[in-house]
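Colleague: Have a look at the structure that comes next, please.
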Amino acid sequence: MSARTHTRPHPAPRGGVDIRLPWWALALPALAFITLLTLILNPSHAQATAGDPAITHLFERVQQLAAR
């Protein structure tokens, strides 16, 4: 006994896969990347530098280790 195959209700697009992303799917990661990049380039605007001296010392140590 042969099994029936399922057919698609509409044909596939000719050029390949047609996937459309919403505008925010590209905008939000780009905004997050730019924000983090500006904090890395200018850490004086970061909130953690004005806080606890231990946290500031920790961030300075991590920055020194990353520079090596």
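Computed from the coordinates by the stated procedures, all read-outs in this text should not be read as laboratory data. Just so it is clear, the structure is predicted and the values come from calculations on it, not from any experiment.
Colleague: Using 0.36 nm times the number of residues separating Gln64 and Trp23, minus their current alpha carbon distance, what extension gain do you get?
Modeller: Here the segment from Gln64 to Trp23 would lengthen by 10.9 nm.
Colleague: Let me ask another. So what J values fall out for region 25-42 if you push phi through Karplus, 6.51 cos²θ - 1.76 cosθ + 1.60 with θ = phi - 60°, rounded to Hz, Gly and Pro as x?
Modeller: Whole-Hz 3J(HN,Hα) from phi for region 25-42: 5, 9, 6, 5, x, 5, 5, 5, 5, 5, 4, 5, 5, 5, 5, 6, 6, 9.
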